[in-house]
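Notes follow once the structure below has been shown.
Here, each number is a calculation from the coordinates, and none is a lab measurement. Remember, it's a predicted structure, so these values are computed and weren't measured experimentally. No Cβ is skipped: glycine too gets one built from the backbone with ideal geometry, and neighbour counts run over all protein chains shown.
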Amino acid sequence: MMASGYSTKEEDGHITVSGPGGGALRGKKPENTAFKQQRLPAWQPILTAGTVLPAFFIIGLIFIPIGIGLYVTSNNIKEFEIDYTGVNMSSPCFNCSQNFSWNSTRPCTCSIPFYLDQPYENNVFMYYGLSNFYQNHRRYVKSRDDSQLNGDLQSLKTPSKECEPYAEHDNKPIAPCGAIANSMFNDTLELFYNDPNGTKVPIPLTATGIAWWTDKHVKFRNPGENANLTAVFQGTMKPVNWRKPVYELDSDPQNNGFINEDFIVWMRTAALPTFRKLYRIIHKKNNMVPTLPRGNYTLEVVYNYPVRSFEGRKRMILSTISWMGGKNPFLGIAYITVGSVCFFLGVVLLIIHHKYGNRNNSADISN
Amino acid sequence: NGRLTLNCVGEEDWVDSRTIYIGHKQPPPGTEAFIQQRFPDNRIVSSKYTFWNFIPKNMFEQFRRVANFYFLIIFLVQLIIDTPTSPITSGLPLFFVITVTAIKQGYEDWLRHKADNAVNQCPVHVVQHGKVVRKQSRKIRVGDIVCVKENESFPCDLILLSSSRDEGTCYVTTASLDGESSHKTYFAVQDTKAYNTEKEVDSIHATIECEQPQPDLYKFVGRINIYMDNEPVARPLGSENLLLRGATLKNTEYIYAVAIYTGMETKMALNYQSKSQKRSAVEKSMNAYLVVYLCILISKALINTVLKYVWQADPNRDEPWYNQRTETERQRHVLIRAFTDFLAFMVLFNYIIPVSMYVTVEMQKFLGSYFIMWDDEMLDEELGERAVVNTSDLNEELGQVEYVFTDKTGTLTENNMEFIECCVDGHVMRGAAGMDMIDTSPGPEARVSIACSEHEELFFRALCLCHTVQVKEEETVDGIKHGIHQGKSTSFYISSSPDEVALVEGMKRLGFTYLRLKDSHMEILNREDEIERFELLEVLTFDSVRRRMSVIVRATGELFLFCKGADSSIFPRIISGKVDQVRAREGLRTLCVAYRPLSPEQYEEVCHLLSGAKLALQDRDKRLAEAYELIEKDLILLGATAVEDRLQEKAADTIESLHKAGMKVWVLTGDKMETAAATCYASKLFRRNTQILELTTKRTEEQSLHDVLFDLSRTVLSLSADYADYGLIIDGATLSAVLRPGQEDSNSGSYKEIFLEICRNCSAVLCCRMAPLQKAQIVKLIKASKEHPITLAVGDGANDVSMILEAHVGIGIMGKEGRQAARNSDYAIPKFKHLKKMLLVHGHYYYIRISELVQYFFYKNVCFIFPQFLYQFFCGFSQQPLYDTAYLTLYNISFTSLPILLYSLIEQHINMDILKKDPSLYKDIAKNSLLRWPIFIYWTILGVYDAIVMFFGAYFLFDNTTFTSNGQMFGNWTFGTLVFTVLVFTVTFKLALDTHYWTWINHFVIWGSLIFFVVFSLLWGGIIWPFLNYQRMYYVFMQMLSSGPAWLSIILLITAGLLPDVVKKVIWRALWPTTTEPSVGTLPPSPPPSLCCLRPPAESVSNPALLEVTLCLSRHL
């Protein structure tokens, strides 16, 4: 259509003015370039069995070792997972999950013993995992105000409409607003090592370094730099489901308010309904002693977070980390599979090439 | 749209004729009262818009297109309801497309305005009150007397009143109207030609009655009433008096003329109506695919909506405590909610129908057509002409042609007539060009004998007199050499018909030189170097129905009518003469010459008949024809002439190539059977072993049409297995009998079917004695036959226009018979031989390019949208988009748009020279083979497969674990970004795999757009963008790239995505190669021409070597 537009222009375009063929004359002597003649020098690769075969074998040769490496690495990672939802009667947390009420003032606690059958070396990462929790639901994902979280005072008092119905409470703006913030995970998990001589040794858990550096330092900022947080948040409400306001999340001012790392971690919405989030890091003490030696442990849970209503599950995961992250055999298997498929196809193509390629060539020659 | 409104105004006071008062002088009282009409001024309006209506009108026109309207609706839905993506994602591309188109159209219209203004304001000279006044062109009104100087063009349609030449003639070139550069003579009104100063002209008192404006350039009837001494004299006006706007005055100092049609009513303006739009087969499949994708889109949205409500049946899933609805939402009725959800899904998946595909296709067509115009191999050095593209919409259709309908004269042949011989009383005289006449004539005795024969004398004179040739004197030679007899170089003959020039030149070689027409006297220099003068009394001009022309001359008291024409039109009117002496010779065009002596009484009668017919206002043509019929009778045959029309350079080669390419070539000509058949043999349309089937009047006279048809079909069908090569000859009369709708019995309808059946089995068909409209009829017939083949018509003359317009692709040859065919065609080429490259190379390339473009566009959007569809199953059918808004918006308009556009412009799957050398490769793409449903489904499945690989690859990678070395977790935006990164790379690499022609531009664009994607992503995530109300992408891309497994999985998923396509390609190539594929390797990219045929096929050389390498590799393993 575009081109026909041009051609009509030429037709209507007043021969009387431009003089007959004024434009045509120009068109008659264009400089002759290879581009215009469609004869630019070019590389003309052809995908034939002959050219592709080596590529297939090479891919196979490269992918299979990578896959094996990845698979071994993944297998060497130690991971321990415990479900503390309390669905079964036998579960220590059953009572807590049964008698859950938002209004209860006394927190419900339960402790779950578990046994690690092998020592965990290096840094151990402690995750909490939720299942059947749709953090990626559209209504949920967008229910946040990034400029409020970035410390914008204006947004602090008038949260974005996207936060509805978690934007205002009792005619006061909620800070931080939105469904994500409102539903922040608030179970407290503590880990104790049961010494063989009967004492419970608390394991030190680090709560920093669990969020992205850029999130903590750029994307999330407290309103009113360095001012008294309590004063700044004056006139706002805490999220409905929270027990404490945002400025009381931690005693450390570098980990309080919007830049509280637990909060930041929660605010990064998960991709899938079953997810885990980094909760704490157990740093290694020294090279001699494993971070978590083999033995009995107790997980102490302050049970605040209800998941039974939507058939959710809560888990606590302990995992070591390699260069490729946590335990996930998928990548290794996938690499091995694709590599072998390539290799297999290479063989198939070789046969085809051997059988039919020659036929074609001879046909060519006879032509 | 001034034209349209004009027509409406015209209808109000519609009268058959209009009356013009020359110089706005009222006619003397007592004459008939004329209805005063209002005429438009001389303003030309070609612009479509004005400053005020541009935006609404342009918007309206753009949104009339279905695609634009669809995207507008999506945009509005996004504005109204709460949708997953912001209105920007579809609004921005739409806005972009609309703006670009609007700017383009606005610019074009501005150019038109500028051109209009220049035309409308250019100064013209108008006679007012006996003085010449300068006026702006647009102010000319009907009835104004205009003075035009040499080399000026006429500002409106004018009736010539007088000229600076004594005879009252003027010369005009209509090059800009119909392309004929020859000078044509126009005549002033006899009674006013003496008035050639402004004073005198102003004193003319006359009115003109003429027909209302109509677009035919060559038709005009009118009458002028001159009131001299209040005694009206009526004179006829014809097209020879009418000077058309756009034509230019030549060789004449000045003229005076009166304006009769102005502004948009001029014939030029009426002629520039847009042609009906042709649609290509590719466009049709594209629209079919769109419908399929629309169905897919709707079903996706429906499935998701239904599943959403099934899944949400549990209130804890619908509204868990952590994710509550607002009160207003909760109160909304379920049906409204469901409908909104449906719309939201539609919006989420709407990208599957890409807004940019239309833009890209249009750009591809528009830019791609330049390659045709630039092609040096289609440049004609002699004419200095290149191929012209009038509609680029049909580029790819050039690769789909199944039937070629070609004109003979001027298309297959040069239309450069040469006088070969003449035959008088059984004596044959040769007068071939380049040979001296004395050499070829039978010698001095023969010369004497020639001189003796009275018939021959008359014959030569007849040929010297019976024509409309003009003598053009070379202007560059100044006044000294002014006579024609001074030498050949000073003058040459000009005529609208090349036959006439050939004949007059032939006569010159035989000793009779036509000198000039002076004061109605034709001067001839005879063999004795004496000047003979004949008074030219009447010219009965040539027309294609009569197929003859005559002149009436007076020579020393005797009156003669000389008539010249095709044998079929002369023979029935002959009363004496040796008819059987004249025979058509192979490949020669014969004309018969006859005469009739007229007595003064007969001449009186003739004059009476003619003037009666000429003065008629209505049906003048019909009455003239009747008059001619009565005058041209009782002729005495003098002899015949033979003129040769040589085949165009490489015409035979071209036809052979077209045949090999699987096209059926039909020659449609008005010429007679013998001549046409000779040309067909010469051009290798018919070969020696072709069995000729005749379906002509001669045969149908012997047998009934019914029997002939059945006979032929039996021959064709029974033997077609072993006798593949049939040629059919049919003539116009028989054709119309075949096509005539049933009158006596019902099976005449089946005649058409039988005829088509016969044609289908013939490799070549010759249709002779065709009227222009019959040509179009044939094309239509074939177009409508049950296979719906793609037709191409090629011709050079006005008589081919109807078939050019009718065929799927119309090609005009810029020939000698004017430019009408070229103007009305879709493509114009200088020579017939250029058709070969046009179809075999350009057509093939464009088809390959656009089919890949279309398939790839759908493919890449399936890859794009299907992961979003899958994601819905994991986000509670909440319409959560997988990708960020910026990615959604830019995917089609910047990340993946340029590589495919460039591919569709410069891809060459096979070398140009091979395509030309081996025409049979054209069959590879016949019948729209690359856009058939299986291939479309393959692409779609490939897209779905890639989407599944990408989505689930990312899914399993994200499955409940971390993949960074610091243990931190990624969110949903990283998930989407990972899928998107794999997507952009896979889709671009897929195109790279399909590219067979890697120039530096391809490298630049393909790698460039990948780099652009990476740079954009880094930038987009690298800054807190203050204007955004979300920062979801902040550092997402960088964090993803900081993880090793992300890199590894990107590489893995790209490989896995491309693998099946590569394997499919290789296996298909090995097992079921198309004809193009094996020949790809046969010619190295730039072979030294001398070695090219000696070199063994490259593939057979390279393959064993590679094989060895791979064998070694496998052994080592």
Excluding residues fewer than 8 positions from A:Lys285 in its own chain, the lysines with Cα under 20 Å of it are A:Lys78, A:Lys200
Both in Å, the radius of gyration and Dmax of the C-alpha trace of the stretch B:102-155 are 14.6, 49
tail above 57 Å in the computed P(r) of the protein assembly as shown, as % of all Cα-Cα pairs, reads 42
Amide H proximity to B:Asn415 below 5 Å, modelled H, separation 5+ or other chain, gives B:Gly410, B:Arg646
For B:Lys783, counting only aspartates and glutamates whose alpha-carbon sits under 12 Å away and dropping same-chain residues fewer than eight positions off, the answer is B:Glu402, B:Glu806
If one builds a Gaussian network model of chain A from Cα atoms under 10 Å apart, the most fluctuating residue listed among A:Met126, A:Met324, A:Met237 is A:Met324
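Give B:Lys837/B:Lys860; B:Lys786/B:Lys916; B:Lys408/B:Lys837; B:Lys48/B:Lys278; B:Lys786/B:Lys923 a once-over and call out the pairs whose C-alpha atoms are over 23 Å from each other.
Numbers: B:Lys837/B:Lys860 32 Å; B:Lys786/B:Lys916 30 Å; B:Lys408/B:Lys837 20 Å; B:Lys48/B:Lys278 21 Å; B:Lys786/B:Lys923 20 Å.
Exceeds cut-off: B:Lys837/B:Lys860; B:Lys786/B:Lys916.
At a temperature of 10 °C and a viscosity of 1.306 mPa s, determine how fast chain B diffuses translationally according to Stokes-Einstein, using the Kirkwood radius over alpha-carbon pairs as Rh; express D in µm²/s, rounded to the nearest whole number. Please report the intermediate quantities before stating the final value.
Working: Rh = 35.0 Å.
The estimated diffusion coefficient comes to 45 µm²/s.
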If each K or R counts +1 and each D or E counts -1, the residues other than A:Pro204 whose Cβ falls under 13 Å of its Cβ total +2
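Using DSSP, restrict attention to beta bridges with both residues in chain B and report what percent are antiparallel, rounded to the nearest 5.
Values: 107 of 139 bridges.
Once the DSSP bridges in chain B are tallied, antiparallel ones form about 75 percent.
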If each part is reduced to its alpha-carbon centroid, the stretch B:318-372 and the stretch A:325-359 end up apart, in Å, by 39
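Given contacts defined as C-alpha pairs under 8 Å and at least six residues apart, what's the relative contact order of chain B, whole-number percent?
Relative contact order of chain B: 11 percent.
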Per GNM of chain A with C-alpha springs under 10 angstrom, the most fluctuating residue out of A:Leu40, A:Leu116, A:Leu61 is A:Leu40
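Relative to the present Cα-Cα distance, how much length would full extension add between A:Ile68 and A:His354 at 0.36 nm per residue of separation? Can you show the working numbers first?
Details: separation 286, 0.36 × 286 = 102.96 nm, distance 3.11 nm.
Difference between extended and current length: 99.9 nm.
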Relative contact order as a percentage, chain A, C-alpha pairs under 8 Å and 6+ apart, gives 33
Nearest 10, in degrees from 0 to 90: the angle of helix A:329-352 to the longest Cα principal axis of chain A is 20
Descending packing, highest mean Cβ count within 10 Å first, for B:875-888, A:335-348, A:261-274 is B:875-888, A:261-274, A:335-348
Residues whose modelled amide H sits under 5 Å from the amide H of B:Val665, counting only those 5 or more places away in sequence or on another chain, are B:Val404, B:Val765
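How high is the FRET efficiency between A:Asn95 and A:Thr206 when r is their beta carbon distance and R₀ equals 30 Å, given to the nearest 0.05?
Values: r = 31 Å, r/R0 = 1.02.
Result of the calculation: an efficiency of 0.45.
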For B:Lys284, counting only aspartates and glutamates whose alpha-carbon sits under 13 Å away and dropping same-chain residues fewer than eight positions off, the answer is B:Asp393, B:Glu396, B:Glu397
Surrounding charge for B:Asn1029, neighbours by C-beta under 9 angstrom, Lys/Arg +1, Asp/Glu -1, total -3
Helix B:748-760: inclination vs chain B longest Cα principal axis, degrees, rounded to 10, gives 70
Sequence order, the stretch B:603-612: Karplus ³J(HN,Hα) from phi using 6.51 cos²θ - 1.76 cosθ + 1.60, θ = phi - 60°, Hz rounded, Gly and Pro as x, gives 5, 3, 4, 4, 4, 4, 4, 5, 5, x
If each part is reduced to its alpha-carbon centroid, the stretch B:771-786 and the stretch B:974-1000 end up apart, in Å, by 47
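Where the only charges are on Cβ atoms (+1 Lys, Arg; -1 Asp, Glu), what is the dipole of the protein assembly as shown about its Cα centre, to the nearest 20 debye? Mind showing how you got there, number by number?
Numbers: 147 positive and 157 negative charges, 1149 e Å.
Value, rounded to 20: 5520 debye.
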One finds the C-alpha centres of the stretch A:244-304 and the stretch B:660-707 to be spaced, in Å, by 92
Zone reached by a paramagnetic label modelled 7 Å from A:Thr298 Cα along Cα→Cβ, restricted to the stretch A:99-115 with backbone N below 12 Å, covers A:110-114
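Over the stretch B:33-175, what is the mean sequence separation of C-alpha contacts under 8 Å (at least six apart), divided by residue count, expressed as relative contact order in percent? Show your work: numbers first, answer last.
Details: 112 pairs, mean separation 37.8, N = 143.
Computed value for the stretch B:33-175: 26 percent relative contact order.
Count the net charge of all other residues whose Cβ sits under 15 Å from the Cβ of B:Ala188, scoring Lys and Arg as +1 and Asp and Glu as -1.
On the way: positive: B:Arg165, B:Lys184, B:Lys193, B:Arg235; negative: B:Asp166, B:Glu167, B:Asp191, B:Glu200, B:Glu240, B:Glu253, B:Asp519.
Cβ neighbours under 15 Å give a net charge of -3.
Over 27 Å between Cα atoms: which of B:Lys508/B:Lys564; A:Lys219/A:Lys277; B:Lys114/B:Lys149; B:Lys184/B:Lys650 fall into that group? Intermediate values should be presented prior to the final figure.
Values: B:Lys508/B:Lys564 18 Å; A:Lys219/A:Lys277 19 Å; B:Lys114/B:Lys149 25 Å; B:Lys184/B:Lys650 32 Å.
Checking Cα-Cα distances, B:Lys184/B:Lys650 exceed 27 Å.
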Counted neighbours (other Cβ, 10 Å), sorted fewest up, put B:Phe405, A:Phe56, B:Phe956, A:Phe35 in the order A:Phe35, B:Phe956, A:Phe56, B:Phe405
Of the candidates B:Pro789, B:Pro919, A:Ile203, the farthest towards the positive dipole end of the protein assembly as shown (Lys/Arg Cβ +1, Asp/Glu Cβ -1, centred on the Cα centre) is A:Ile203
Any residue on another chain or 5+ positions along whose placed amide H is under 5 Å from the amide H of A:Gly326 is listed here as B:Thr962, B:Phe963, B:Thr964
Once the dipole of the protein assembly as shown is set up from charges on Cβ (+1 Lys and Arg, -1 Asp and Glu), the residue from the list B:Phe1016, B:Ala288, B:Tyr938 lying farthest towards its positive end is B:Phe1016
